[in-house]
Amino acid sequence: MAKKVGSRAESIGIASLKAEIVWLCVPDAAISGVAKSLADRGAWKGKIALHSSGALTSNVLLPLRCNGAAVASLHPLMTFVKGSRASLAGVPFAIEGDAAGVRAARKIVRDLAGHPFSIGKRDKAAYHAWGTFLSPLLTALLAASERVAAAAHVPAKEARRRMLPIVAQTVANYIGMGAERGFSGPMVRGDVDVVQKHLRALRVVPEAREVYVALARAAVKYLPGKNRAGMRKALRQRIARL
């Protein structure tokens, strides 16, 4: 990976830390330990220390701050998986921390063609949960939908191909018109009988049925639809049976 960006990898024990900005791109659980390991190595006064955790604040870099560094966190609202290289152009970055650290982070983001925005320390956990809804849990929803497709005797590979048009159009509708106008299906119509048929069919995939009920309850609460009372009653009955 280091070679791909024109650099080289070195162990933390022998790495030379001469840069003015040190950006810790390690798993969340390792940030505190790495900060402690680096705190006594070299002069930190006047330097900038950053990390990329979406859930943790810049306070986790306290050992470096105590040794003179200005610290900040910057997190791209983007997904990164092996085998796919996401562009950072246009990507929002949540930033918080010391004034000097925030200034440096904002410049980095602008140089990457991203969009920096401020996030409060107390808001980072909710911010990261939001991001989890947008990608990992969305992927989990799509994976659950493959199991539902299998219940309809549609193989997973074929299901992925067939679902692409409706998924793409749903996202386009949401982006272009918002959630309320982009919402469709039996819950908009208040068709309780159809929802009950869905829930009976989903008995063979109980985990997917739990997801269906949870999302249906959210839809009844947050989105427009007829016969809300009947829909709530049907979903409550299913929850009791689950």
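What follows draws every value from the coordinates through simple rules; no lab data is involved. On a predicted model such as this, the values are computed, not experimentally measured, just so you know. Cβ sites come from the backbone with ideal geometry, for glycine too, and all protein chains shown count toward neighbours.
Below, the figures for the structure above:
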| quantity | calculated |
| --- | --- |
| Selected from Ala99, Val204, Val192, residue furthest toward positive end of dipole (the chain; charges at beta carbon) | Val192 |
| For Ile12, Ile175, order by how many other beta-carbon atoms lie within 10 Å, fewest first | Ile175, Ile12 |
| Choice from Met187, Met78, Met177 with maximal GNM fluctuation in the chain (Cα, 10 Å cutoff) | Met177 |
| Principal axis box of the chain, alpha-carbon based, largest edge first, Å | 69, 35, 35 |
| Taking the C-alpha atoms of region 135-241, convex hull volume expressed per residue in Å³ | 102 Å³ |
| GNM top mover of Val81, Val188, Val213 - the chain, alpha-carbon springs below 10 Å | Val81 |
| Rounded to 5, the percent of DSSP beta bridges in region 3-122 classed as antiparallel | 30 percent |
| With Cα atoms, 0 to 90° folded angle of helix 206-222 axis to the chain main axis | 90 degrees |
| Residue of Ala172, Ala219, Ala89 that the Gaussian network model of the chain assigns the largest fluctuation, springs spanning Cα pairs under 10 Å | Ala172 |
| Relative contact order (%) - the chain, alpha-carbon pairs under 8 angstrom, separation at least six | 11 percent |
| Charge dipole magnitude, Cβ of K and R +1, D and E -1 - the chain, Cα centre, debye nearest 20 | 600 debye |
| Filter on Lys36/Lys121; Lys4/Lys82; Lys4/Lys36; Lys3/Lys124; Lys4/Lys157 - keep pairs with C-alpha separation over 24 Å | Lys4/Lys36; Lys3/Lys124; Lys4/Lys157 |
| Rounded, prolate or oblate (a/c below 1.5 giving rounded, otherwise prolate when a/b exceeds b/c) for region 3-122 by Cα gyration tensor | oblate |
| Sum of side-chain charges, Ala159 neighbourhood, beta-carbon under 13 Å (Lys, Arg +1; Asp, Glu -1) | +3 |
| Folded to 0 to 90 degrees: helix 156-177 orientation relative to the chain principal axis, Cα | 80 degrees |
| Between helix 99-111 and the chain: long-axis angle, C-alpha atoms, 0 to 90°, nearest 10 | 70 degrees |
| Spatially proximal lysines relative to Lys226 (Cα-Cα < 28 Å; intrachain offsets below 8 disregarded) | Lys197 |
| Length-normalised contact order of region 135-241 in % [C-alpha pairs under 8 Å, at least 6 apart] | 28 percent |
